[in-house]
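The structure appears below as structure tokens.
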Amino acid sequence: MSEVIKYPLSTEKSIRMMESENKLVFIVEKKASKKEIKDDIEKTYKVKVVNINTQITPQGLKKAYVKFSEETPAIDVATQLGLM
């Protein structure tokens, strides 16, 4: 992994989002901007990112909800990451 992306989350909710909305959830560096997260994910996994939403959890972690383009199924990226 890179300095920006720490690890992918594979919770029940994130698996549902992957199937229904073509999104994956990553825990990322707290100081990383959306642009840095997008660039890093596109470069690391060679995919096209459409949108990123971020959230700081009560535990102080930063979650990035990454929506992939139509030609990049999130399930393929999850398989590449070993989540499936």
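What number of residues within the range 54-84 satisfy the criterion of being polar (S, T, N, Q) and in contact with a helix residue (DSSP H, G or I) (Cβ under 8 Å, 6 or more places away or on another chain)?
Adding up the residues that qualify gives 2.
Report every pair of residues separated by at least 6 positions or lying on different chains whose Cβ atoms are under 6 Å apart, first residue within the range 14-41 and of a type in the set (S, T, N, Q), second assigned to a strand (DSSP E or B).
Close Cβ pairs satisfying both conditions: Ser14/Val25; Asn22/Phe68.
State whether one or more residues within the range 6-15 are surrounded by 13 or more Cβ atoms within 10 Å (Cβ to Cβ), in contact with a helix residue (DSSP H, G or I) (Cβ under 7 Å, 6 or more places away or on another chain) and among the hydrophobic types (A, V, I, L, M, F, W, C).
The answer is no, given that none of the residues of the range 6-15 is surrounded by 13 or more Cβ atoms within 10 Å (Cβ to Cβ), in contact with a helix residue (DSSP H, G or I) (Cβ under 7 Å, 6 or more places away or on another chain) and among the hydrophobic types (A, V, I, L, M, F, W, C).
How about the chain: which strands (runs of 3 or more DSSP E) wholly inside it have at least 2 residues that are in contact with a Pro (Cβ under 9 Å, 6 or more places away or on another chain)?
23-28
Filter the range 63-73 down to residues that are hydrophobic (A, V, I, L, M, F, W, C) and either under 12 Å from Lys46 (Cα atoms) or without any contact (Cβ under 8 Å) to a residue 24 or more places away in the chain (or both), then give me how many there are. I'd like the intermediate steps shown before the answer.
In the first step, residues of the range 63-73 are kept if they are hydrophobic (A, V, I, L, M, F, W, C); the result is 64, 66, 68.
Narrowing the set further to residues that are either under 12 Å from Lys46 (Cα atoms) or without any contact (Cβ under 8 Å) to a residue 24 or more places away in the chain (or both) leaves 68.
Qualifying residue count for the region: 1.
Sort through Lys30, Lys67, Lys34 and tell me the only one that's surrounded by fewer than 18 Cβ atoms within 10 Å (Cβ to Cβ), touching a Ser or Thr at 6+ places or on another chain (Cβ under 9 Å) and not aliphatic (A, V, I, L, M).
Selected residue: Lys34, the only one of Lys30, Lys67, Lys34 that is surrounded by fewer than 18 Cβ atoms within 10 Å (Cβ to Cβ), touching a Ser or Thr at 6+ places or on another chain (Cβ under 9 Å) and not aliphatic (A, V, I, L, M).
Every number in this text was worked out from the coordinates using simple rules, so none of it is lab data. Remember, it's a predicted structure, so these values are computed and weren't measured experimentally. Note that each Cβ is placed from the backbone with ideal geometry, even for glycine, and that neighbours are counted across all protein chains shown.
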